[in-house]
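All of the numbers you see were taken from the coordinates with simple rules; none came from a lab. What you see is a predicted model, and the numbers here were worked out from it, not measured in a lab. Cβ placement follows ideal geometry from the backbone for every residue including glycine, while neighbour counts extend to all protein chains displayed.
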Amino acid sequence: MPDFKDILDIHPNPCVIHIDFVPKYANNAFAKFSGMSNAEEVLNLETIKVLFEESHWPEALRRYQHAIETGTPTTPQVINHTDLKGNPMIAEITDTVIDWFGQKAMCTFVSVVTDQVFRERTLRDMANRDDLTNLYNRRYLFDLFNNRNTTPQRHQYLAMVDIDHFKRINDTFGHPVGDLVLKQLARIIEEFTRPDECAFRLGGEEFALLMWEDNENELTLRLEELRQSVETLMVRVSYPNRQPLAINCTISIGATEVSQLEGFLSASLRADKCLYQAKERGRNRVVTHENHDDNTPPNS
């Protein structure tokens, strides 16, 4: 056996040597990584491809053939992996071509990077979130907007949402109460969005939504539901030795359809114009760009 076998046997990182994915050697770390008791169980497999998700097989074959033909190591690749016991993890794989008793073979090293990837994802997500409301922030809206994918037979809309007379709330009750109102509104907006939609706090009392709808009428109906939900919201504030406060607020909404190749600036300017018209027409209403619908609630 090669001189390095004793080293690999005790190495903490999983390692397997294979020819056309037929295992020739595996250390116990690889067996554990795969959900097996020992390396002998790995060597009894007809192919190690059964240890990885089927969706990864074509790319694994391409990497294998390229490395064998060129003799160059593969670049590290991060994949999702589930061992034979059903435990999910994230692994980084690196392959190196070696001589195995006169035959070209692949030596595959595996690093389990689940914790590292989760930490990186958590940090990225934190950078994209608003500190107060935990909604996504303006930067993430800009990034998401420019990397969006359109869906056939569906339309994407950008809606701007603004709390009416929010300065009055801050001036009358103080900024801590204003923060409570913002957080309550954020909760309603987040619950309003569907799984494939996103809600954002742009700053101050202004929020935004990226939404999917079949047509403008469906969009208007949904935004009306949101407006009515906020109109009936009562934010309750308790004080020591004082009567509790019950504060309500309303919102104005401006919305526009986003074309496939449109930049963020032009779409946001249209939505902002609709929002301004909603404010001019008395607030607590929805205005859309396409036909400048003015959905005015009674007695507003």
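When the Cα centres of the range 244-271 and the range 83-107 are compared, how far apart do they sit, in Å? The range 244-271 and the range 83-107 have Cα centres spaced 51 Å from each other. Taking the longest Cα principal axis of the chain as reference, the axis of helix 264-280 is set at about 30 degrees.
Taking 21 Å as the straight-line reach from the Cα of Lys279, the lysines in range (excluding those fewer than 8 positions away in the same chain) are Lys167. Comparing Ile17, Ile251, Ile163 in a Gaussian network model of the chain where C-alpha atoms under 10 Å apart are linked, the largest mean-square fluctuation is found at Ile17. Across the range 71-85, rounded Karplus estimates of 3J(HN,Hα) from the backbone phi angles (6.51 cos²θ - 1.76 cosθ + 1.60, θ = phi - 60°) give x, 9, x, 7, 6, x, 10, 9, 10, 7, 9, 10, 6, 5, 8 Hz, Gly and Pro being marked x.
First select every other residue whose beta carbon is under 12 angstrom from the beta carbon of Gly203; then total the charges, Lys and Arg +1, Asp and Glu -1.
On the way: positive: Arg138, Arg139, Arg201; negative: Asp130, Asp131, Asp162, Glu205, Glu206.
Within the 12 Å Cβ shell, the charges total -2.
The range 161-230 and the range 17-75 have Cα centres lying 51 Å from one another.
Take the Cα of Glu69, step 7 Å toward its Cβ, do the same at Asp125, and the gap between the two points is 4.0 nm.
To the nearest 10 degrees, how steeply does helix 175-192 sit against the main Cα axis of the chain, on a 0 to 90 scale? Long axis of 175-192 versus the principal axis of the chain: about 60 degrees. In degrees between 0 and 90, to the nearest 10, how far off the longest principal axis of the chain does helix 216-231 point, with axes built from Cα atoms? It works out to around 70 degrees. Tell me the Kirkwood radius of the range 223-275: reciprocal of the mean inverse pair distance over distinct alpha-carbon atoms, in Å. It is 13.9 Å.
Computed from phi, the 3J(HN,Hα) profile of the range 101-112 under the Karplus parametrisation 6.51, -1.76, 1.60 (θ = phi - 60°) reads 6, x, 10, 6, 9, 10, 9, 9, 9, 10, 10, 7 Hz, with x in place of Gly and Pro. Subtracting the Cα-Cα distance of Glu224 and Lys183 from 0.36 nm times their residue separation leaves 12.7 nm of extension gain.
Highest mobility in the GNM of the chain, judged by mean-square fluctuation with C-alpha springs under 10 Å and restricted to Glu69, Glu231, Glu205, is found for Glu69.
One chain, two ends: Val237 and Ser111. Fully extended at 0.36 nm per residue, the span grows by 40.2 nm beyond their Cα-Cα distance.
With each run of n ≥ 4 DSSP H residues scored as -39500 (n - 2.57), what mean residue ellipticity at 222 nm is computed for the chain after dividing by its residue count and rounding to the nearest 500 deg cm²/dmol?
Estimated from H runs of four or more residues: -11500 deg cm²/dmol.
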